[in-house]
Amino acid sequence: MRRSKALVPTLREDPADAEALSHRLMLRAGFVRQLAAGVYVYLPLGQRVLDKINAIIREEMNAIGGQEITMPVLHPAEIWRESGRWDAIGDEMFRLKDRYGRDMCLGMTHEEVVAWLAAREIRSYRDLPQIWYQIQTKERDEARPRSGVLRTREFLMKDSYTLDPDPEALDRSYAAHEGAYRKIFDRCGLRYHVVQSDPGMMGGLGSHEFMAPSAAGEDEIARCAGCGYAANVELARGVPAAPAPPAWARAEVATPGCRTIAEVSAFLAVDPRLTVKSLLYVAEAAGPVLVLVRGDHALHERKLARALGEEVRPAHPDEVREVLGAPVGSIGPVGARVPVLADEALRTGTYVVGANREGHHLTGVAAGRDFECRFADLHTVTPGEACARCGQPLAVERVIEIGNIFKLGTKYSVPLKATYLDEAGRERPIVMGSYGIGPARIAATAVEQGSDADGIVWPSTIAPYHVYIVVVGPHHEAQVAAAEAIYAACWSATPPLEALLDDRDERPGVKFKDADLLGIPVRVTVGNAFVKEGLVEVRARKTRQEARVAMDKVVEAARVLSALE
RNA sequence: CGGGGCGUAGCGCAGCCUGGUAGCGCGCACGGUUCGGGACCGUGAAGUCGGAGGUUCAAAUCCUCUCGCCCCGACCA
């Protein structure tokens, strides 16, 4: 491709609406344009990157026996009603009616369609196992699209589904996917961790997420350098260091005007770790429950929901007063006439708690002695807490979720009647797994993890082109002829080196700046050195290592440099 | 859904408080001089000031409503 003919609209300045690094660079370098909130056009370079990523995904999925299919984006409501998700899912699903008034929706995932298909086509244990996958558009009406291409309302997803006769076979399919995913992300040049994740309220037999460290990430994981334990913070358990126990008796103290942990601990001159944060939540079925975490900790609502087995919401201030007889800043577990759920960290020690009397707190209160409660892991793990397995300190990292693998079990096969006959002629539900990868997230993550002050630095495996050829003097016939020859040589090499020729009538500086911004691994410059000595410059984008070589050595030199990553 | 911010030329922004003929930089077109890290000079094209309603002799500017976009939080099967 020649730059003079290509749609590569680079921007000199940062677009105002782009915050995340990858968003800014992908806009500036002309890879994408935004049509609406969370809806993007992929321009030629962005499309080429997606194509590269998808090709890698296909190779690795095919290698574990995956069979590519394409399922519709438009779904009848019926299958979603059968699985129960038509009602379980809220505003995140795009819903519409066809001309006859029938309910339809846009697919946010495809478990229902897979189960529908399996119900029709799988009859015998001899038909199992199966791995079906697609690379297909997903539609989700995200409450808050953000960070450019990282969280969008319409996005490409590689989703695969495994069909197995029993949980043991599912384990094998699951392990095969984990292996394939590692190969995919390795080949795409990403740094990532595989972590345990929350299988969700609906049960499930286990799940992992592939998490790539990046400041633009929306999730956090805790990792132990000692034993390798790694988990999403919505799940991660840490053991916080216990504060030195003070010698205080149980007593009520006045804390006028103190509403927050910071105010109470400052007023009483007490370490915040010796205070308890009391939070009233309302569970859908069970009603109000008083939740306790240590003053310096944050409650993780997912953990709370998991501990209670149902969804929860914070109580309104007037509900707090009604239930506990005190305002939010003064509530506590002593004398509370609601169930109390306390974080594990509060099993031992004595603490300052709200007195359920406005402007008063109690000191020296111990769980189990001064009030009854149930314990659960509720607090969000903080950096430095001890690993629950080996005791080494945990690190907490911000990450982008680039893939997940999930053991579904029979959650969809039972309601959609996807069954098979086993060796004994018994009808049994198919055991399913589902596995997702976001190609656009791979691209954005590569930008996040690889760019520098001058622009993007693509891993060569997913770069839109391998070589960027700059003609310094586009009016200099010999230079143009040489550049054209190099361009042709790149494309006709085996395997081809995909080249983009910058033949525009621009000053050299503009071309160099653009070359850096686009992040193509190797730049070839035809300029003064060619005129004087017949040599061209071959330079690596990432290392900026440069060599001057003769015309007939360009392809070889470019290959060497692009391999030096 | 809660909180905050922004919509003025293709892009980035000023002008708004204090109403009075819409501006700057980049980009774009043409001419000239340049030509190895986003050149310079000259000329020029280009804007329903997001939209609707209102106040006023007069609205980009003040008021009301509305649409869109961004950020923080919540949510994310």
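The values are calculated or read from the model by the stated rules, or taken from the named source; none is laboratory data. Just so we're clear, the structure is a prediction, and the values are computed from it rather than from any experiment. For neighbour counting, all protein chains shown are included, and Cβ atoms are generated from backbone atoms with ideal geometry for every residue, glycine included. Note: areas computed on protein heavy atoms with side chains; ligands, DNA, RNA excluded. Shrake-Rupley method; radii C 1.70, N 1.55, O 1.52, S 1.80 Å.
Given axes a ≥ b ≥ c from the Cα gyration tensor, I'd like to know whether the stretch A:423-565 is rounded (a/c under 1.5), prolate (a/b larger than b/c) or oblate.
Because a/c hits 1.5 or more and a/b exceeds b/c, the stretch A:423-565 counts as prolate.
With no solvent and one equal point scatterer per Cα, compute the Debye intensity ratio I(q)/I(0) for the stretch A:318-473 at 0.19 Å⁻¹ and report its log10, rounded to two decimals.
Once normalised to I(0) and log-transformed, intensities are -1.15.
Can you find, among A:Leu535, A:Ser562, A:Leu497, the residue sitting farthest towards the positive end of the charge dipole of the stretch A:467-563, where Lys and Arg contribute +1 and Asp and Glu -1 at Cβ?
A:Ser562
Work out the charge dipole of the stretch A:2-113 with +1 on the Cβ of Lys and Arg and -1 on the Cβ of Asp and Glu about the Cα centre, then indicate which of A:Asn62, A:Val39, A:Val73 is farthest towards its positive end.
It is A:Val39, whose Cα lies furthest towards the positive end.
So in the stretch A:251-376, what percent of DSSP beta bridges are antiparallel if you round to the nearest 5?
Bridges in the stretch A:251-376 are about 70 percent antiparallel.
Would you work out the Kirkwood radius for the stretch A:73-143? I mean one over the mean of 1/r across all pairs of different Cα atoms, in Å.
About 13.5 Å for the stretch A:73-143.
Tell me the relative contact order for chain A as a rounded percent, counting alpha carbon contacts under 8 Å between residues six or more apart.
The value is 16 percent.
If the rule is a partner Cβ under 4.7 Å, which cysteines in chain A fail it?
A:Cys105, A:Cys188, A:Cys258, A:Cys373, A:Cys490
With both bridge residues required to lie in the stretch A:467-563, what share of the DSSP beta bridges run antiparallel, to the nearest 5%?
For the stretch A:467-563, the DSSP antiparallel bridge percentage is about 50.
Sorting check: for A:350-356, A:514-520, A:61-67, which peptide has the highest mean count of neighbouring beta carbons within 10 Å, and how do the rest follow?
Top of the packing list down: A:350-356, A:514-520, A:61-67.
With a bin width of 5 angstrom, please list the P(r) values of the stretch A:32-178 as percents of all Cα-Cα pairs, from the 0 bin to the one holding the largest distance.
Going out from 0 Å in 5 Å bins, the stretch A:32-178 shows 2, 8, 15, 17, 18, 17, 13, 7, 3, 0 percent.
Hey, what's the Kirkwood Rh for the stretch A:501-542 if you take every pair of different alpha carbons, in angstrom?
11.0
Roughly how many debye, to the nearest 20, is the charge dipole of chain A about its Cα centre, given +1 on each Lys and Arg Cβ, -1 on each Asp and Glu Cβ, and no other charges?
The calculated dipole for chain A is roughly 560 debye.
What are the ³J(HN,Hα) values, in whole Hz, obtained from phi via the Karplus relation 6.51 cos²θ - 1.76 cosθ + 1.60 with θ = phi - 60°, for each residue of the stretch A:278-284 in sequence order, with x given for Gly and Pro?
Using θ = phi - 60°, the values come out as 9, 10, 8, 10, 10, 8, 3 Hz.
Using Cα-Cα distances under 8 Å and only pairs 6 or more residues apart, what relative contact order does the stretch A:418-565 have, in percent?
Relative contact order for the stretch A:418-565 comes out at 22 percent.
Would you mind listing how long the stretch A:445-498 runs along its three principal axes, going by Cα atoms, in whole Å with the largest first?
Projected onto the principal axes, the Cα atoms of the stretch A:445-498 cover 40, 29, 9 Å.
Rounded if a/c is under 1.5, else prolate if a/b beats b/c, else oblate: with a ≥ b ≥ c from the C-alpha gyration tensor eigenvalues square-rooted, which is the stretch A:251-376?
Prolate.
What pairs in A:Lys97/A:Lys138; A:Lys5/A:Lys513; A:Lys138/A:Lys542 have C-alpha atoms more than 26 Å from each other?
Checking Cα-Cα distances, A:Lys138/A:Lys542 exceed 26 Å.
Skip the ligands, DNA and RNA, and give the accessible area per residue of chain A with a 1.4 Å probe, whole Å².
Heavy-atom accessible area per residue stands at 45 Å².
Whole-Hz ³J(HN,Hα) for each residue in the stretch A:479-495, computed from phi via Karplus 6.51 cos²θ - 1.76 cosθ + 1.60 with θ = phi - 60°, x for glycine and proline: what do you get?
5, 4, 4, 5, 5, 5, 5, 5, 4, 5, 5, 4, 5, 9, 5, 10, x
Mind listing the long-range amide H neighbours of A:Leu156? Cut-off is under 5 Å, sequence gap 5 or more, other chains count too, H placed in the peptide plane at 1.01 Å from N.
The list, which skips near neighbours in sequence, is A:Lys138, A:Ala440.
Mind checking the alpha-carbon convex hull of chain A and giving the volume per residue in Å³?
Residue-normalised Cα hull volume stands at 203 Å³.
Lysines near A:Lys277 by alpha-carbon distance under 28 Å, same-chain residues fewer than 8 away left out - which ones?
Reachable lysines: A:Lys303.
Below 8 Å, C-alpha to C-alpha, sequence gap of six or more: please give me the relative contact order for the stretch A:1-134 in percent.
Across the stretch A:1-134, relative contact order equals 19 percent.
Tell me, what % of the accessible area of chain A is carbon and sulfur with a 1.4 angstrom probe?
Whole-percent figure for carbon plus sulfur exposure: 51.
Each residue of the stretch A:518-531 in order: what ³J(HN,Hα) in whole Hz does its phi give by Karplus 6.51 cos²θ - 1.76 cosθ + 1.60, θ = phi - 60°, with x for Gly and Pro?
5, x, 5, x, 10, 10, 10, 10, 10, x, 4, 4, 6, 4
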